[in-house]
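A quick write-up on the structure given underneath.
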Amino acid sequence: MEQTLLKQAWQLNKRGFKLWYQHFPQIFWASSSYRLIANLLPYVTLFLSATIINELAGRKDPERLQQLVITVLIVDVALGLLQAILLHWKTICEEQLYQKGHQLYVEKFLKMDFVSVDDASVRDNYHQVNQNEIWMGNGIPQVVGYFDDACEAIFGALGAVFLTIGLFTSQVPQTAGKWTLLNNKSTLLVLFILLVASVWGSAALSGKSDSYLLGLSDLMKESNRLFNFFGVSMNESKRALDVRTFRQDKLTAYHWVGKGSVIENNAASFKYFRGPLSIFLTLANIVATLFIGVVYVFVCLKAWAGAFGVGSVTQYIGAITKLSQSVTKLFSLTGRIKGNAPFLQVAFDFLDTPNDMYQGSLTTEKRSDRKYEIEFRDVSFRYPHAENDALRHVSMKFNIGERLAVVGENGSGKTTFIKLLCRLYDPTEGEILLNGINIRKYDYQDYLQLFSVVFQDFALFSFSLGQNVAAAVDYDAKKVEQCLDEAGFSGRLAKSENKLATNLYKDFDPAGVEISGGEAQKIAIARALYKDAPFIILDEPTAALDPIAEQEVYSKFDSIVGDKTAVYISHRLSSCRFCDEILVFDEGAVVEQGDHTSLLQNLDGKYHELWHAQAQYYQ
């Protein structure tokens, strides 16, 4: 069982290494190069210093001493300079590790089926991965650290072996009497056994200490979550008003120091640091120190007996101490690799989230007349893990160039309808057709290009105004200005000193502008227009606008939409009067369909009920 677990751990770490090497190979070249020179430099210095001391204790040849001193200076300067350059390279690579590692997850999210992105269990898995990495870098980031440690240990051990060869080959002269016992093979065997015992014992005790540290992961994961939220919530500008109005600082303080809080979790972890964790780590250091003491005795006795010069004492003691430390690190590394395996498994579980949505292969027809027809044919849909259908037996057809309004109470199925239309989800039953062909047969990315959507929870970014509208680095400035004008933003644009180059928000530019919710919504509408897709979908596009700006959008709606087929989702039924067709949703089904006038005439209908429920506040 133990071998099976270790084998699985190696396989997971091997996969992690391959993933990093494909994604960021520079870190391995920088790390291995630096560790090679960093381990070579002290050994070369140690060897040359020992040679100088031996010369001073022996012949004292001035020319020889001069050559050795010059050699030491040249080697130290050359290797020191090379080490500094490689360290700079390694540091630069390490500074990019977090971004590079995070990019793995970002790319996965971007390639993931939306059904998975929208799945709470997938999100929770990602949060667990993130917390594991925040706590101690557990998971994928550790693979890079293990490689660095392995390079340091291997190069250190090889250099130490090279420098300690003389310790075992140098013989105590026969004239030394009883000290010739040090030449005996059994003496060397005892020393070797002590080395192995020291390495194994120190590594085992160190591994036991690490196991307690890894065991704290679940506790500290929750602590980090609390810290990331409550520890920084007071500093967020978007929370400032609520914090002060409702004195949420008191609520934050409770979660900071109360039951199950950051402080309580940290206090629990400190018990381990003061107890078994530190005890086993101390014992590991004691075992290693005892072996070093034995080495000191052995080396000094051989030097006393005349096996080598006094300068070599420093060389051999330093080398064999380094050998012990390097081999111990390699042994400990095995335990750490095994301990990291569960965290790697969690990360790979997320990265292996399957993309089950069929991508299709047909290319959507690029029609200049925008004659695309969409039909819902007996479509039902149920969200994953849900017990009831969110949509039930929806059948309808979009007429080309039609303005379609979708209305209904919260939870009636409006948003689900849009998600299916944009193929963010596939129907549980029935089919959706584009020009008579099931949309599943079309290339997924190609099909998405038919839709331009202003979602209710749209997002703008801290880039320039022009880049936000075009959703691109380079853009057509005249087209951007036209779209902003159609969306009612031209007045604000005219007042902007830097025009389209104006940065939104102040995250990256102190001169960036803060925009209101209504202005942001206008920019989002302009972005939808810039894409110039055949279908435009507006989800509560005027929710953040004042009445005058809202009326401006309504009056210009026909010119804004042009020859596109428009789908308009709104809770404000007064805004639906300019639409050609209205779909009324209730409990996941389309219960009414028609224009504003005809629907109002149905006194028992849902639309009539919703209309008069809102109208009473304007009478």
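The trypsin sites (Lys or Arg not before Pro) of region 1-106 meeting both criteria, a DSSP state outside H, G, I, E and B (loop) and at most 16 other C-beta atoms within 10 angstrom of the site's C-beta, are R59, K60.
Sorted by mean Cβ packing within 10 Å, highest first, what order do the peptides 376-382, 186-192 take? Present the calculation step by step, with values, prior to reporting the outcome.
Working: 376-382: 18.4, 186-192: 12.4.
Averaged packing, sorted descending, gives the order 376-382, 186-192.
Loop-only chymotrypsin sites (Phe, Trp or Tyr not before Pro) in region 427-536, please: DSSP not H, G, I, E or B, and at most 13 other Cβ atoms within 10 Å. Show your work: numbers first, answer last.
Details: sites: Y442, Y444, Y447, F451, F455, F458, F461, F463, Y475, F489, Y505, F508, Y530, F535; in loops: F455, F458, F461, F463, Y475, F489, Y505, F508.
Those satisfying the criteria are F461, F508.
Shown here for region 433-541: GluC sites (Glu not before Pro) in loop regions (DSSP other than H, G, I, E, B) with at most 16 other Cβ atoms within 10 Å, namely E497, E514. The H on the amide N of D595, modeled in the peptide plane, is under 5 Å from the matching H of I582, each at least 5 residues off or on a different chain.
Take the cross-link list K397/K564; K414/K478; K419/K564; K111/K531; K18/K90 and give me the ones stretching past 25 Å between alpha-carbons. Before the final figure, lay out the partial values.
On the way: K397/K564 15 Å; K414/K478 35 Å; K419/K564 19 Å; K111/K531 21 Å; K18/K90 19 Å.
Checking Cα-Cα distances, K414/K478 exceed 25 Å.
Here the simple spin-label model places points 7 Å from the Cα toward Cβ, and for C300 and S598 these points are separated by 10.5 nm. Accessible surface calculations at 1.4 Å, restricted to protein heavy atoms, place region 12-88 at 58 Å² per residue.
The values are calculated or read from the model by the stated rules, or taken from the named source; none is laboratory data. Please read these numbers as outputs of a predicted model, since none were measured by experiment. Because the Cβ atoms are built from the backbone with ideal geometry, glycine has one as well, and the counts that use them run over all protein chains shown. What goes into the accessible areas is simple: the full protein's heavy atoms, side chains included, and nothing from ligands, DNA or RNA. Shrake-Rupley method; radii C 1.70, N 1.55, O 1.52, S 1.80 Å.
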